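The values are calculated or read from the model by the stated rules, or taken from the named source; none is laboratory data. Treat the numbers as computed from the prediction; the structure is a model and nothing was measured. Here the Cβ is made from the backbone with ideal geometry for all residues, glycine too, and neighbour counts use every protein chain on show. Please note that ligands, DNA and RNA were not included when accessible areas were found on the heavy atoms of the full protein model with its side chains. Shrake-Rupley method; radii C 1.70, N 1.55, O 1.52, S 1.80 Å.
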Amino acid sequence: AMDWEVLTRELSLYLESQVRVGLFGSGVGLSLVLGFGVAYACYYLNSIAKKPQLVASNDRFCRFLEEYCPVVTETYYPTIWCWEGRVQTLLRPFITSRPQVQYRNELIKTADGGQISLDWFDDNDSLYYPDASTRPTVLLLPGLTGTSKESYILHMIHQSEMLGYRCVVFNNRGIAGEDLLTPRTYCAANTEDLEAVIHHVHSLHPSAPFMAAGVSMGGMLLLNYLGKTGRDTPLMAAAIFSAGWNVFESVESLEKPLNWLLFNYYLTTCLQSSISRHRQMLEKLFDMDLVMKARTVREFDKQFTSVMFGYRSIDDYYEDASPCRKLKSVGIPVLCLNSVDDVFSPGHAIPVETAKQNANVALVLTSCGGHIGFLEGIWPRKCTYMDRVFKQFVQAMFEHGNKILSM
């Protein structure tokens, strides 16, 4: 045994000396490592770390953002070892922390006999707004199969808590553990449930300043609602993150082979599992075996979503669900953050020209960040660029919004 120990020790010392002499002793290895490091740093600083593009036709809105939401004018430094869009999208749910949030659940009834699950973060310990009747309220809309448990929602609540605000999360029907009372779920185009929730929250706290923030499909739904209501909404402003602007372009991008493998198939199975629990209720209207055979989001929408909401074809549904068509009618200040490398919402489909025609709209476009990624810092557990945009914009509107709402 002793001989074996001596042998392994001598062998490791010999290898160490060879590595030192062969590589670093001659300086070649060190030079290679340093050279690569410098080249990578130069590439990162020249091509990756960039200021976002701010698209806003209204000079007052622009100046307002520069003063009270300066993060949208600062260079965004994506995490140096995972800046590519797909990588950011895939890693964010695993890397980011999950702040502890205690919710109070409320089930509200809908006109058609269904129910919607709301998760409240009341923030009764708010130092800045001890009076619950005037405590600013943020309505949060998660993505396609998301609920109040998503890490990006928990982070938004954590940011709001620091500012003393109350939050309420709108969980789409049948997705947060509650039963479906009617054979109906949700889609990006139908805003009836969102309207009911906004009316309900506003009626509970009519004197409280009220904003909304939507992520991914939640952002699409919120934009479609704002396009429909114009100025006729109790919301004073809205923040939109990683919305898919043109559904035709989104599904086409997600059907490219690599994207199908990484995202589309998984998302389709998430959609299927979210409705399989309600199979008995839904079988009254649908051929569920056919729905469960879908292998893409498009197939699922063709067999299920478009049929449920009475569209003649999937194209009619996708046309109606695309917020780019409603952007011109938005009547309150809206800030929309997208990354141009988001495979769920490809850069070429972002409606830059339409946004320039509406004084209420500001787009913030980063070159990297993926879909709800926006990771930054060496080990991006705590706060993302998206979280900072959310925090600064919500605070800007609640605390200085009167400077812009009189536009």
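Suppose the filter is in the same structural domain as Leu258 (by the TED database) and modelled with pLDDT of 95 or more; does Tyr311 pass it? Taking the combined requirement at face value, the residue satisfies it.
Would you check which residues across region 211-224 are open to solvent by 10 Å² or more (accessible area, probe 1.4 Å), of a type outside the set (Gly, Ala, Ser) and either over 23 Å from Gly143 (Cα atoms) or in contact with a Leu (Cβ under 7 Å, 6 or more places away or on another chain) (or both) and list them? Passing the criteria: only Met217. Name the single residue, out of those in region 344-359 being over 23 Å from Ala237 (Cα atoms) and touching a residue at least 60 places away in the same chain (Cβ under 8 Å), that is nearest to the chain's Cα centre (by Cα). Filtering region 344-359 for residues that are over 23 Å from Ala237 (Cα atoms) and touching a residue at least 60 places away in the same chain (Cβ under 8 Å), the one nearest to the chain's Cα centre (by Cα) comes out as Phe344. If you go through region 66-87 and keep only what is among the aromatic types (Phe, Trp, Tyr) and either open to solvent by 40 Å² or more (accessible area, probe 1.4 Å) or free of Cβ contacts under 8 Å to residues at least 40 places away in the same chain (or both), you end up with Tyr68, Tyr77, Trp81, Trp83.
In region 225-233, the count of residues that are within 28 Å of Val361 (Cβ to Cβ) and buried (at least 23 other Cβ atoms within 10 Å of the Cβ) is one or more. Going through region 95-123 one residue at a time, which ones are part of a loop (DSSP other than H, G, I, E, B), closer than 13 Å to Val169 by Cβ and of a type in the set (A, V, I, L, M, F, W, C)? Residue satisfying the conditions is Val101 alone. When Arg135 is tested against (1) open to solvent by less than 10 Å² (accessible area, probe 1.4 Å); (2) among the basic types (Lys, Arg); (3) closer than 30 Å to Lys284 by Cα, just one condition goes unmet, and that condition is (3). Summed over region 317-375, the residues that are touching a Phe, Trp or Tyr at 6+ places or on another chain (Cβ under 6 Å), assigned to a loop (DSSP other than H, G, I, E, B) and among the β-branched types (Val, Ile, Thr) give a count of 2. Only one of the numbered conditions (1) within 30 Å of Glu192 (Cα to Cα); (2) open to solvent by 20 Å² or more (accessible area, probe 1.4 Å); (3) in contact with a strand residue (DSSP E or B) (Cβ under 9 Å, 6 or more places away or on another chain) is not met by Gln53, and that is (1).
The set of residues from region 110-126 being more than 13 Å from Val201 (Cα to Cα) and of a type in the set (D, E, K, R) comprises Asp112, Asp123, Asp125. Among the numbered conditions (1) in contact with an Asp or Glu (Cβ under 7 Å, 6 or more places away or on another chain); (2) open to solvent by 10 Å² or more (accessible area, probe 1.4 Å), the only one that Pro142 does not meet is (2).
Kindly establish whether Trp4 is buried (at least 16 other Cβ atoms within 10 Å of the Cβ) and either assigned to a helix (DSSP H, G or I) or at pLDDT below 95 (or both). Taking the combined requirement at face value, the residue does not satisfy it. Within region 348-375, if we keep just the residues that are open to solvent by 30 Å² or more (accessible area, probe 1.4 Å) and either modelled with pLDDT under 95 or among the hydroxyl-bearing types (Ser, Thr, Tyr) (or both), the residue that is nearest to Ala56 (Cα to Cα) turns out to be Thr354. Could you check region 292-316 and list, in sequence order, the residues that are touching a Cys at 6+ places or on another chain (Cβ under 6 Å) and in a helix (DSSP H, G or I)? Scanning region 292-316 gives a single hit, Thr305. When region 124-149 is filtered for residues that are in contact (Cβ under 8 Å) with a residue 60 or more places away in the chain and either in a loop (DSSP other than H, G, I, E, B) or over 21 Å from Leu235 (Cα atoms) (or both), the ones remaining, listed by number, are Arg135, Pro136, Pro142, Gly143, Leu144, Thr145, Gly146.
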